[in-house]
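> Questions regarding the structure given below will be posed in turn.
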C-alpha cells in the first residue's frame, strides 16, 4: 500500500512538472502564441533544433522517451543521469532558452521591464525545481 501511495505521489509530481513547463511556456509566450498560425510562427517557440539540443542534453532519443520517463515517476534529472548526462546542463539549457524567449518578449514590448525582471529573477529556481521534480506536492 505504501508503494502505491508513493507511486501516486511521484506521478502527481511529474504531472505537476509537465504542467509547470506548460505554464512557463504560456507565461512566456502569452497571447502571441495563440494568435500565430504555423506559417507566421517564428522565434517564440522551441525550434526543432532547440528540441534536438534538449533531447541530446538530456540523453533521450525522443519526446516520447521523456514523456515515458516522467510518467513512470522519473525527474528530468534522473533521466539525464540514467543516460550519463549532467542534470545541470539540462537546467542551463532550459534557462538559456527561456531567457531568450523573455528577451524577445521584452524587445517586442510584450513585457514591461518590471515584469521581465521579476520573471527572469525566478526562472533559474523554477527550472531547477522542475528538472529535479520538486513541486509544492513533493520535496
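The values are calculated or read from the model by the stated rules, or taken from the named source; none is laboratory data. Everything quoted here is computed from the prediction, not taken from an experiment. With ideal geometry, Cβ positions are generated from the backbone for all residues, glycine too; neighbour counts draw on all protein chains shown.
> Counting residues that are within 23 Å of residue 128 (Cβ to Cβ) and at pLDDT 65 or above, which helices (runs of 4 or more DSSP H) fully inside region 1-117 reach at least 1?
Answer list for region 1-117: 48-58, 63-71, 76-82, 87-107.
> Just to be sure, is residue 99 under 13 Å from the mean Cα position of the chain (by Cα) and under 24 Å from residue 71 (Cβ atoms)?
When the stated conditions are applied, residue 99 does not pass them.
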